[in-house]
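The values are calculated or read from the model by the stated rules, or taken from the named source; none is laboratory data. These numbers come from a predicted model, not from an experiment. Neighbour counts run over all protein chains shown; Cβ positions are idealised from the backbone, glycine included. Side chains included, ligands, DNA and RNA excluded: accessible areas come from the protein's heavy atoms. Shrake-Rupley method; radii C 1.70, N 1.55, O 1.52, S 1.80 Å.
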Amino acid sequence: RITVSVRIGPDLVATGSSAASSAVAGTSPIATQTTRNDGGDTAAVSVTSFYLSSNVTLDAGDMLLAVRPVPSLGAGASNTGSVTLPIPAPTTAGTWYLIARVDGNDAIAEALESNNTLVRSITIAAAP
């Protein structure tokens, strides 16, 4: 018995990100992120949204920091770009999470919607 998996439609995946592991509230660290289309069809132009969260789950209480445009991606193609993440000055000191969400505005019907986020921890120091 042979099993074959075929992905129909685009499938955007957050495959990598880098950002400082610490920052001071009121500053704007730079993050670099890669979006890849693991689907079988071309993905239209999209955005990756970056959030600051007190936990590892993206929810309505998280703060949108920035949006990065992503060009149309053919099957198997990827795009890497950088974005400035302004950490609000009143952010309390402690461990926070940066969440990158590809197809950040849910504009693309994807083969798999559960692989759109990537989470990194960041230690925030209080603003001086």
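Could I have the simple spin-label model distance between Thr15 and Asp106, label points 7 Å from Cα toward Cβ, reported in nm to one decimal? Computed distance between label sites Thr15 and Asp106 equals 2.6 nm. The label-point distance for Ser82 and Ala44, in a model that sets each label 7 Å from Cα toward Cβ, rounds to 3.1 nm. When a 1.4 Å probe is rolled over the protein heavy atoms, the share of accessible surface on segment 1-86 that falls to carbon and sulfur comes to 55 percent. How charged is the neighbourhood of Leu85? Take every other residue with its Cβ under 12 Å from the Cβ of Leu85, and add Lys/Arg as +1 and Asp/Glu as -1. Once all neighbours under 12 Å are counted, the net charge is +2. In this structure Ile8 has an accessible area near 130 Å², from a 1.4 Å probe over the protein heavy atoms. Solvent-accessible surface of the chain, taken per residue with a 1.4 Å probe and all protein chains present: 51 Å². Here, the chain yields an orientationally averaged convex hull projection of 8.4 nm² when only Cα atoms define the hull.
Available extension along the chain between Ser72 and Ser22 is 14.8 nm, counting 0.36 nm per residue and deducting the alpha carbon span. Within the full protein context, the accessible area of Thr27 is estimated at about 60 Å² for a probe radius of 1.4 Å.
For the chain, leaving out every one of the trypsin sites (Lys or Arg not before Pro) that falls in a DSSP loop and has at most 16 other Cβ atoms within 10 Å, the longest unbroken run is 8-128.
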